[in-house]
Structures are given as structure tokens and as C-alpha cells.
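Working notes, structure below.
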Amino acid sequence: MIDLRALRDDPDAVRASQRARGDDPALVDAVLDADARRRTAIAAFENLRAEQKTMSTSVARASAADRPTLLTRARHLADQVKAAQTASDDAESELHDLAYRLANPIEPGVPAGGEDNYVVLREVGTPRDFAAEGFEPRSHQELGELLGAIDTVRGAKVAGARFYYLTGVGALLELALLNAAIDQAVANGFVPVITPTLVKPEVMAGTGFLGAHADEVYRLEADDLYLTGTSEVALAGYHAGEILDLSAGPLRYAGWSACYRREAGSYGKDTSGIIRVHQFHKVEMFSYLRPEQAAAEHVRLLAWEEEMLAKVELPYRVIDVAAGDLGLSAARKYDCEAWLPTQARYLEVTSTSNCTTFQARRLGIRERTEGGETRPVATLNGTLATTRWIVAILENHQQPDGSVRVPVGLRPYLGGREMLEPVIR
């Protein structure tokens, strides 16, 4: 939920954000109208309550002759107070419903437009020239089969399309990635957390995942719980309803979890192999901190993501994601995309989002200021490693015989192994 005071002070900025996202700016006016009605209803209720208290005092002091008349007026006033409270509650509910639909205002400089309107900030590394090396690169799926690392056939047999098994060196490679990510996170002050992957509706809604993309979320109707698509959700809910002590600096967590996504609407897109799947593992960074520190923290999270990409020696680019592709909660998002040789394109492998105070307002997460007041904190998140990285690692480090060179940064996590050798010839 956005800051209503800021909305009243500068509605044009929020309208501009809505337009940049491709959303309806008229929603801003609807929220402002609902807010005005709520404040009017609250004022009317409070005035009647004050009058009711005065009337109660008058009844207590009234003479026997005057008391019946005053009691009649008091009963009538009680009915008015009850009606005013209902009107106030209804106005509050209407405002809440409308404000929950309003996306987080974007940061200045975020590109306007949709998925294809991103801005490339930098490219790092040079993709290999396989033609110059004299061989045609194999896809990650073919390499995975040669290495005995990926089994999509049995995954589909057991669970359906877009499920898979990681076997042998495939399983070891994923564990190496995630352990390397955890080690890096801990070295930078993050507390490692293995999170729940089922959360209550209020937590899922509070993080902004039940808006336009709710159809991508798995729901267990019998239990009224949701399967999370990222540990960001559980980590955001970790301090819900709490007042945090940030006097010593940000609270940083690194969540390791399985993740589940329905991938609704993506049929026919990246369906081969393990690029776009329904279940995967991920290490996610999550920060709670003071709002004025959020922009600098966003840069730090991106730098930590790039540090991990350097460990696995992938050519990649960093993009500033356009407003229409941010999602409800993010005010800005940077993606790192690794080069995918067999498709001659970049593939998203990490993202980091600055959610400013948006999620904290919805989840009731605050800090106490030096003046003794409370205010919402800022929350940020960023992916440090995930299953999808295996796709880029296999394709970028493959050799002519189907073996795959292990990046130096992962070798300590694979027992010093330098090559992954084919098991199928």
C-alpha cells in the first residue's frame, strides 16, 4: 500500500507512475475520493461520539423530571453513533480495497513501457564464439542428458509437464550453487534462513503477489494456504506486525527454499529443459532497513548478484526493467541476464527489487524513530542463485565432447572437480 499522505501531497506523481506502468491513472482519483469520504465519515463518527459522551454526563446529572426526555435523546443519539460507525467502517473498507490495487510509485528514471522497453545498463564478459572453436553448441537439455544430470521425461511422467529430476552431477551442481550463494551471503552479514513454502493469504497479499499475477500462484483451497514462488514472501512475512530495531543497521536475511510457480499464460515459451518450470530452488536476499537507505541498498544487492555471476564465469548484462514489467510492489528492479549460446539471447538469472515502504505498510512492519514515533521500514529483495543458472552454466562452459568445465568458483563445492564428464556416449 502506498503512503496516502504522499498521495494527497503529490497525486500527479502517482498518476505519472500509473501511466508509465500502463495502468489506469484514474485509480488515483478513485483512491483520493475514497480517502476524502473516509476522513469525512471518521470526523462525523467522532463528533457524534463526543456528543454521546456529553449526553451521558447530562443524563447522570439530570433531575428525575428531565431524565426521561434526555434518555430518549440519548437512545436516538446511540442509533446515530452506530450508523456513523458503520459508515466509517464501510468507507475504510472501500479505501482499503482501492488502495490495495494501486501499484508502488516508480522511482525517478525508471523506463516507461512494458517488457521490451528495458534499458541496458552494462554488458559484462564476452560470449564464446563457438563457430571459431569449430563446433555447434549443444542445448542445456541435451548436455543434461549426456551428463546424466537432467531428466525431464521422468519428471513429466511423475508430475506432468515442466517438472524434472536433477540427478547425479545435476543435483550436485545445484547444491554447489546454492551453498556458494549462502556462503557469500553469510560473509556479507546475511542471516541464513530456510523458510516455509506455504503462507497465509494475508502474507501473500501483503507482499503484492495476489494482484494481476495471482493466476501464477498455487493455492491449496482446503487449507487456505499459498505455495510461494520465492522466499521473499516468507521473509517479508517474518516480521509482519512488528516494530524493528534498526539502530545497528539493516536486518538482512538469505532465504533458501523450494519455489513454485504455475507459469500461467506462458505456454509454448521456454518449455524445453528447465528454463521455465513449476518447481525450483533459490537463495534469496532480503533486507529490512530505513527508507532513506533503500536506494543505496539496492545498488549493494545488485553488486552481490554480480559477484556471484563472476564466480560462475558467465557473460551477462544488467538491465533497468521498464515500469510495466515491475510487478505491483517494486518501485525499481534490475535484472541480470546471462548469455544463452544455443538461443543467441540473454536469459534472466537474477533480479533485485526496491519495494520501498510498500510491502511494510501492507504487513504492518515499522521501526521506532529517535523521536519515539513509528514509521514503515523499507524492504528489498534479490536473487543470489537459482536452478535456472544450471542452464547458462552448462551451455557456456561446454566442451566439444559434451563435457562441461566447472567454473573455478564452484570447484570447492564439488570436491575440487574441474570437469563434468558425459555418462552417455
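Readers should treat all values here as calculations from the given coordinates under stated rules, not as data from a laboratory. For clarity, every value in this text was computed on a predicted model and none was experimentally measured. Cβ atoms come from the backbone with ideal geometry, glycine included; neighbour counts cover every protein chain shown.
Residue exposure proxy: Cys336, Cys259, ordered by other Cβ atoms within 10 angstrom of their Cβ from fewest to most, comes out as Cys259, Cys336. Cα centroid distance between segment 37-85 and segment 136-167, in Å? With segment 37-85 and segment 136-167 each reduced to a Cα centre, they are spaced 72 Å. Extension gain for Thr40-Ser93 works out to 17.7 nm (0.36 nm per residue, less the C-alpha to C-alpha distance). Straight-line cross-link reach from Lys82 at under 22 Å between alpha-carbon atoms covers these lysines, not counting any fewer than eight positions away in the same chain: Lys53. A Förster radius of 25 Å, combined with the Cβ-Cβ distance separating Ala13 from Val120, puts the computed FRET efficiency at roughly 0.40. When Lys82, Lys333 are sorted by how many other C-beta atoms sit within 10 angstrom of their C-beta, beginning with the fewest, the order is Lys82, Lys333. Each Cα pair under 8 Å and six or more residues apart adds its sequence gap; the mean of these over the residue count of the chain is a relative contact order of 20 percent.
Can you list which of the trypsin sites (Lys or Arg not before Pro) found in segment 108-207 are DSSP loop residues with at most 16 other C-beta atoms within 10 Å? When the trypsin sites (Lys or Arg not before Pro) of segment 108-207 are filtered for loop state and at most 16 Cβ neighbours within 10 Å, Arg128 remain.
Specify whether the C-alpha gyration tensor of segment 4-99 places it in the rounded, prolate or oblate class, a ≥ b ≥ c being the square roots of the eigenvalues: rounded for a/c under 1.5, otherwise prolate if a/b is larger than b/c and oblate if not. Kindly include the intermediate steps, with their values, before the conclusion.
Values: a/c = 6.84, a/b = 3.95, b/c = 1.73.
Prolate, since a/c reaches 1.5 and a/b exceeds b/c.
Considering all different alpha carbon pairs of segment 83-230, the Kirkwood hydrodynamic radius works out to 21.2 Å. With a Förster radius of 22 Å applied to the C-beta separation of Ala187 and Val408, the computed FRET efficiency comes to 0.80.
Summing Lys, Arg as +1 and Asp, Glu as -1, what charge do residues with Cβ under 9 Å from the Cβ of Ile106 carry, Ile106 excluded? If you can, show how the numbers build up before the last one.
On the way: positive: Arg21, Arg332; negative: Glu107.
Overall, the nearby charge balance is +1.
Put simply, the amide H of Leu121, placed in the peptide plane, has neighbours under 5 Å in Val318, Ile319, Asp320, leaving out anything fewer than 5 places away on its chain. Kindly identify the chain as rounded, prolate or oblate by the Cα gyration tensor criterion: order the square roots of the eigenvalues as a ≥ b ≥ c, call it rounded if a/c is under 1.5, otherwise compare a/b with b/c, prolate if a/b is larger, else oblate. Here the chain falls in the prolate category.
Computed from phi, the 3J(HN,Hα) profile of segment 58-70 under the Karplus parametrisation 6.51, -1.76, 1.60 (θ = phi - 60°) reads 5, 4, 5, 9, 6, 6, 4, 6, 8, 4, x, 5, 5 Hz, with x in place of Gly and Pro.
FRET efficiency for Ser272 and Arg368, Cβ-Cβ distance as r, R0 = 41 Å, nearest 0.05? Write down the numbers at each step before the final one.
Details: r = 52 Å, r/R0 = 1.27.
Efficiency for this residue pair is about 0.20.
In summary, the aspartates and glutamates within cross-link reach of Lys311, defined as a Cα separation below 19 angstrom excluding same-chain residues under 8 places away, comprise Glu123, Glu174, Asp183, Glu284, Asp335, Glu337, Glu348, Glu395, Glu418. Amide hydrogen proximity for Leu244: with H placed 1.01 Å from N in the peptide plane, the residues at 5 or more positions away or on another chain lying under 5 Å are Arg366, Glu367, Arg368.
Need one number: % antiparallel among DSSP beta bridges in the chain, to the nearest 5. Before the final figure, lay out the partial values.
Values: 53 of 59 bridges.
Within the chain, antiparallel bridges account for around 90 percent of the total.
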